Amino acid sequence: MNPTAPAPGWTQTTCPYCGVGCGVLARPAPDGLTAEIKGDPDHPANFGRLCSKGAALGETLGAEGRLLAPTIYGQRTRWDDALDLVAHRFSEAIEAHGPDSVAFYVSGQLLTEDYYVANKLMKGFIGSANIDTNSRLCMASSVAGHKRAFGSDTVPGCYEDLELADLVVLIGSNLAWCHPVLYQRLAAAKAERGTRIVVIDPRETATCDLADLHLALKPGSDVALSNGLLQYLAANKAIDRSYIESHTSGFEAAITAAMDMPFADVIAATGLEAGQLSRFYKLFAETPPTVSVFSQGVNQSSAGTDKVNAIINCHLATGRVGKPGASPFSVTGQPNAMGGREVGGLANMLAAHMELGNTGHRQAVQQFWKSPRIASEPGLKAVDLFQAAADGRVKALWIMATNPADSMPEADHIRSALAACPFVVVSDMTGDTDTADLAHVVLPAAAWGEKDGTVTNSERRISRQRRFLQPLGLARPDWWQICAVAKRMGFADAFDFATPAEIFAEYAALTGLANRGERDLDLAGLSALSSEDYQTLAPIQWPAPAGRPVSSSRFFTDGRFYTDDGRARFIAVAYRPPAQSPSAEFPLRLNTGRIRDQWHTMTRTAKTPRLMAHIAEPFVEMRPDDATRHGLGPGDLAQVSTPMGEVVVRTVVSERQGAGSLFVPMQWTDQYANRARINTLIAAWTDPLSGQPELKHSPAQVRPYPAGWHAFAVMQEQPAPGAFDYAAIATCPGGWRLECAGRGDPASWPQTASALLTPRGTAAVEFLSYADNALAQHRFAAFSDGKCIGLLFVSRTPVTVSRTWAVEQLGGILASDQRLRLLAGRPGGDVPDRGKIVCACLNVGANEIAAAARLHPGATVYTVGIATGAGTNCGSCRAEIGTLIHAKSLAEAG
Ligand SMILES: Nc1nc2c(c(=O)[nH]1)N[C@H]1C(S)=C(S)[C@@H](COP(=O)(O)OP(=O)(O)OC[C@H]3O[C@@H](n4cnc5c(=O)[nH]c(N)nc54)[C@H](O)[C@@H]3O)O[C@H]1N2
Ligand SMILES: Nc1nc2c(c(=O)[nH]1)N[C@H]1C(S)=C(S)[C@@H](COP(=O)(O)OP(=O)(O)OC[C@H]3O[C@@H](n4cnc5c(=O)[nH]c(N)nc54)[C@H](O)[C@@H]3O)O[C@H]1N2
Ligand code: SF4
Ligand SMILES: [Mo]
C-alpha cells in the first residue's frame, strides 16, 4: 500500500512530538541505540521538513535516563511480579470499593492501540469511566466546542486549507514554536500568494514575525473580540444568509448575545484600539477564504468552550466551514491527541465517537466487546480525579505517558494526592520524573522507535509509528502492559492481542459499528488490514469507511452536520473575564506556555545539548516598565508568586509582553531546576463545560530574589540542582552547565569549586583561580591532563560571562599561557563572541547573525542564512533571525 518504500536500512515512521505529525525516516546507528533521522519527503504533513525537535530525535534516543526494568517500591523486579501486583491491587480495590475506586490517567502521547485497550479495559471490563487524559489540559475545550456546534468532535479542515486561504487568523497559537512545520508551510504560502496573517495573542510571539496584524488583546478577552466580529459581520452585510438559513440553527440568539456588548465595551474588554479591531473585522468580512487556527490561548481558559464557539459562530455566519481554504481549525498539541479523542479516552466519552449517555451506543459497544458491564456515567475529569485520589476515593491509579506532578495545575497538591493514594502505578520510559518518584510500581515503557502503532494528527491523518530499535532493557509497549494486567484481572479473551495490528483492526471495526454515516469517525475500511498491510500502511486521513468512496478530505462541505436535525448550532455566548481577578497583592497576570526546543516536561528533549542551547534556563518575561516597577532588570533572578506558591526564575525584559503580563515556560521540573515548577502556582479553575483548567491567566506578583551571590559553571558531571538556594542545570557538549545563586556565601569558594568541578575518581586536577574580594568575584578554571574540565564564575550580581563561549571551552586543550584567559569569562579580542545560540542545528549565535545583518545592507533571513548557515536546516529559528534583523534595522533607523 505504500507508494514509495524507503531506501534500504531506513524506516518510515512519525515524529513523537507535536500534532503536525511529520513523517520521519530513521536509520539505526551501528551502536543499535541511536539513529540517523531525516524528514520523510513522501509524508503529506511535512514533505520532508522537520523542526529543531524532530531533527534532533536521534540524539534523544539511547540508554541515558531510561527506565530499564519494573520496580516495586523502588526495588527492581520481574515483569510477572509487577503485573501480578498491579492486577491484584486493582481487583482488590474494585471488589472492596466498586469500579469507581480505581482510575487511569493517560496521555495524548500514547499510540491509538495503547489508548484503545486502556479505554476498553476501564469502560467495558472494570465498568467505570474513570479514565481521563492530559488532553483534558489540552484539547477538552475544543472537543466540547465542536460537539456543541457540530454535534460531533470533528475538525472540518485540513493542512492544505492554510495554503489555500487568503486570510489565516492564529488565535492563542504560537505556531512558529509549537507547530513549526505547519508554520513553515504557512510562511511558504504567504511568500507565494501573499496570504494575510492576523495573530491574536496577548504577547508578541515568534509567530508574529509573519503577521500583517497582531492583536495583543487583554488575557482572556477572546469571546468579546469574536462577539464584536459577529456583530460587525451582521452590521456590514457580510453574513451568508442563505447558509445560515439552510444549514444552521440558533443564529438569532447568538447575535442577540453578541449585541449585548456594544463596540465601546469590546474595546474596553479587549484593550485594543478601535482602529485595530476594525482593521481585523474588515479583513475577515472581506475575505471568504479564511481559516481560524486556534490552540491553547483559547482552550486553556475557564471560558475555553465559549471561546471556541465564539470563533465557530463567525465561521458559521459566513458559511466558512469545511470549504477549501475556509474553516475553523483547532490544531492538536500532542502527537496522538486526536487518536485519544477517537478511541474515547476522555472520561465523558464512550468509544469511537459514541456517547456514554446513549443507551443504543452503550449496548452496541458492550455487545461488540462482549464485555460483562459498561460504564454509563461520565467518570472523573483530571482535576476531580486527582482530588478523588487525595480524598481517598480513588484507591488505585495508573498513570501512563504523562507527568502530572509537573503538568497539572496545583502541582504540589497533585504530589500530595499521589502520596495519599494507596496504590500508584506509573508507566514511563524515563526513570526519574517528578511523578514516577511518587509511584509504588513503575513500569518501563518501550519508547519511540521501539514500538509499533498509529497516531492521528491535527488533520485527522493516521500515520504509522514503526519500530526500528530493540526495546531497551525490559521495556515493553504500553498496550502490552495493559493487556497483561487485563488478562490477570480475568479478562483474558478480550485482551488476547498478540500485536498492535490486531488491536487496530478491532478498533477500526468498532468505528464502523452501526455506522451508516451517522458518525463522522468511520475507519471500517481499515478493519480488514492484514498484519502486512498494517506494516506498510501509508498515511491516511479519516473517514475511511468500507465500501463507500470518500468524496472529500474535508467535513461538512455539504452543509450537513451530526446534530439531530443535521444543522450546525450557533451558540449564544457572553464574555466572562478569567476566573480570578488581579488584586493589589497580585496585580499581574501569569501566562504560561512553550518554548521552541523543549517538549513539555523535558524528559526527552533536555537530553540533547543542541536543544538546550537555545534556552537553557527557566525565565519570566515581562515588559521593561513592569520590570522596573518591580525592581528587576535583565538577568536578575525573580521570584514569581501567586497565593498558591512561588518560583524563582531568570528575568527576561522585552517589549513583546503585554502590560501587566508575565510569561513563564511550563517546561521546567525538579530534574533541571530546583524552584521552577510553574504549575505549583496555578490554581485549578476549570471551564464548566470542558473541565479544562485555566493555565494562562493566574493573578501573580513578581519581586527580586534576594540572592547574596550568583554563579555560572560548566563541568563534566551532572550537578544536583537541589544543592543550592537557586539552581538550573542543562546539558552541553561534553558536560553540563549550571546557573545557581544563594543567600549566604559558602564557607570557602575554593572548596566549593573543587567539589563542583572535580569529576568523581579524578585525582590530579589543577585549578587556576582569581578573586576580587571587594567585588566578591571568584573565578576558577579546572584542568586535568591538559584539558579544561570545568569553569566557575561567581559574583555579587548576576554573572555576565559569555555562556556560549564558556561552554565551548569544556574539554579544550590549552597551552599553559592561554589558560589564564579562561578566567576572563569571554573570548579575547581576536575571537568574536557568538552570543546566545539562535540556530540550534548549525550552532549559530545571535551576535553572528547580527554581524551578518550589519555586513549586508538590506539583509533578509535568506541572505543571513547564506552568510552564516543560520536557519538553513530545519528553519525553526527563522522567525527569530527575522526579529534580530528587524531589531538591527530599527536601531539603525533610530
Ligand atoms: N516546542 C514545543 N512545541 C509543542 C509543545 C511543546 O511542549 N514544545 N507541546 C505541544 C502541545 S501538547 C500543545 S497543546 C501545543 C500548544 O501550542 P500553542 O497553543 O501554540 O502553545 P502555548 O505556548 O501553550 O500557547 C499559545 C499562546 O496562547 C497565548 N495566550 C495566552 N492567553 C491568551 C488569551 O487569553 N487569548 C489568546 N488569544 N491567546 C492567549 C500565549 O501567549 C501563547 O503564546 O504545542 C505543541 N507543540
Ligand atoms: N502551566 C501550564 N501547564 C500545562 C500546559 C500549559 O500550557 N501551561 N499545557 C498542558 C498541555 S496542553 C499538555 S499536553 C500537558 C503535557 O504534560 P505531560 O503529558 O505531563 O508532559 P510530558 O513531558 O509530555 O509527559 C509525557 C511523559 O511520558 C513519558 N513517555 C514518553 N513516551 C512514552 C511512551 O511511549 N510510553 C509511556 N508510558 N511514557 C512515555 C515521558 O518520559 C514523560 O514523562 O501539559 C499541560 N500543562
Ligand atoms: S513540527 Fe517538529 S515536533 Fe511537530 S511533528 Fe513536525 S518535526 Fe515533530
Ligand atoms: Mo497539549
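Observations on the structure shown:
- Set Arg743, Arg737: member being of a type outside the set (A, V, I, L, M), surrounded by 14 or more Cβ atoms within 10 Å (Cβ to Cβ) and in contact (Cβ under 8 Å) with a residue 12 or more places away in the chain: Arg737
- Scanning the stretch 799-830 for residues that are over 24 Å from Pro634 (Cα atoms) and open to solvent by less than 70 Å² (accessible area, probe 1.4 Å) yields a total of 9.
- Enumerated helices (runs of 4 or more DSSP H) restricted to the stretch 494-613, each holding at least 1 residues that are among the small types (Gly, Ala, Ser): 500-511, 531-535
- Qualifying residues in the stretch 628-648 (those that are within 16 Å of ligand 2 (Cβ to nearest atom), aliphatic (A, V, I, L, M) and in contact (Cβ under 8 Å) with a residue 40 or more places away in the chain) - the one least open to solvent (accessible area, probe 1.4 Å): Val640
- From the list Ala235, Ala253, Ala258, the one residue that fits, being over 25 Å from Gly566 (Cβ atoms) and of a type outside the set (S, T, N, Q), is Ala235.
- Residues (over 26 Å from Ser226 (Cα atoms) and within 12 Å of ligand 4 (Cβ to nearest atom)) located in the stretch 338-349: Gly340
- Candidate set: the stretch 300-339, residues that are of a type in the set (A, V, I, L, M, F, W, C) and within 20 Å of Val181 (Cβ to Cβ); chosen: the one farthest from ligand 2 (Cβ to nearest atom): Phe329
Every residue, every condition in (1) away from ligand 3 (no atom under 16 Å from the Cβ); (2) assigned to a helix (DSSP H, G or I), yes or no:
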{"position": "Asn46", "(1), (2)": "no, no"}
{"position": "Gly54", "(1), (2)": "no, yes"}
{"position": "Glu64", "(1), (2)": "yes, no"}
{"position": "Leu68", "(1), (2)": "yes, no"}
{"position": "Asp81", "(1), (2)": "yes, yes"}
{"position": "Asp84", "(1), (2)": "yes, yes"}
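- Of the residues examined, Ala93 is not one that is closer than 18 Å to Phe125 by Cβ, assigned to a strand (DSSP E or B) and more than 16 Å from ligand 1 (Cβ to nearest atom).
- Yes/no for Ser654 being of a type outside the set (D, E, K, R), touching a residue at least 24 places away in the same chain (Cβ under 8 Å) and surrounded by fewer than 20 Cβ atoms within 10 Å (Cβ to Cβ): yes
- Here the condition is being without any contact (Cβ under 8 Å) to a residue 24 or more places away in the chain and away from ligand 4 (no atom under 16 Å from the Cβ); of Ala584, Ala572, it holds for Ala584 alone.
- Out of Ala303, Ala317, Ala310, Ala326, one residue alone is touching a Leu at 6+ places or on another chain (Cβ under 7 Å) and away from ligand 3 (no atom under 16 Å from the Cβ). It is Ala317.
- Being open to solvent by 30 Å² or more (accessible area, probe 1.4 Å), touching a residue at least 12 places away in the same chain (Cβ under 8 Å) and over 37 Å from the mean Cα position of the chain (by Cα) is a description that applies to Ser769.
- Entirely in the stretch 143-209, the helices (runs of 4 or more DSSP H) that have 3 or more residues that are farther than 21 Å from Gly339 by Cα and open to solvent by 10 Å² or more (accessible area, probe 1.4 Å): 180-193
- Within the stretch 69-84, restricting attention to residues that are touching a strand residue (DSSP E or B) at 6+ places or on another chain (Cβ under 6 Å) and not hydroxyl-bearing (Ser, Thr, Tyr), the residue that is surrounded by the most Cβ atoms within 10 Å (Cβ to Cβ) is Pro70.
- Only one of the numbered conditions (1) crowded, with 23+ Cβ neighbours inside 10 Å; (2) of a type in the set (Gly, Ala, Ser); (3) more than 16 Å from ligand 4 (Cβ to nearest atom); (4) under 19 Å from Ser301 (Cβ atoms) is violated by Ala216, and that is (1).
- Among the residues of the stretch 835-860, those identified as of a type outside the set (A, V, I, L, M) and either more than 33 Å from the chain's Cα centre (by Cα) or part of a loop (DSSP other than H, G, I, E, B) (or both) are Gly835, Lys836, Cys841, Asn843, Arg854, His856, Pro857, Gly858, Thr860.
- Just so you know, in the stretch 70-79 the residues that are in contact with a helix residue (DSSP H, G or I) (Cβ under 8 Å, 6 or more places away or on another chain) and outside any loop (DSSP other than H, G, I, E, B) include one that is nearest to ligand 4 (Cβ to nearest atom), and it is Thr71.
- Reported count of residues in the stretch 431-456, each being β-branched (Val, Ile, Thr) and either part of a helix (DSSP H, G or I) or farther than 27 Å from Gln300 by Cα (or both), is 2.
- Boolean, His710 is crowded, with 21+ Cβ neighbours inside 10 Å and farther than 29 Å from Thr608 by Cα: no
- Among the conditions (1) farther than 22 Å from Asp434 by Cα; (2) touching a Pro at 6+ places or on another chain (Cβ under 9 Å); (3) of a type outside the set (A, V, I, L, M), the only one that Arg629 does not satisfy is (2).
- Inter-residue pairs, beta-carbon under 6 Å, first without any contact (Cβ under 8 Å) to a residue 24 or more places away in the chain and in the stretch 134-147, second open to solvent by less than 10 Å² (accessible area, probe 1.4 Å), 6+ apart: Lys147/Asp153
- Taken over the stretch 587-614, the criterion of being farther than 23 Å from Ala401 by Cα, open to solvent by 10 Å² or more (accessible area, probe 1.4 Å) and within 16 Å of ligand 3 (Cβ to nearest atom) is satisfied by Arg610 alone.
- Applying the criterion of being within 15 Å of ligand 1 (Cβ to nearest atom) and either hydroxyl-bearing (Ser, Thr, Tyr) or surrounded by fewer than 18 Cβ atoms within 10 Å (Cβ to Cβ) (or both) to the residues of the stretch 46-64, the residue that is nearest to the chain's Cα centre (by Cα) is Ser52.
The values are calculated or read from the model by the stated rules, or taken from the named source; none is laboratory data. All values reported here derive from a predicted model rather than from experimental measurement. Note that each Cβ is placed from the backbone with ideal geometry, even for glycine, and that neighbours are counted across all protein chains shown. Just the protein is used for accessible areas: all its heavy atoms, side chains included, with ligands, DNA and RNA removed. Shrake-Rupley method; radii C 1.70, N 1.55, O 1.52, S 1.80 Å.
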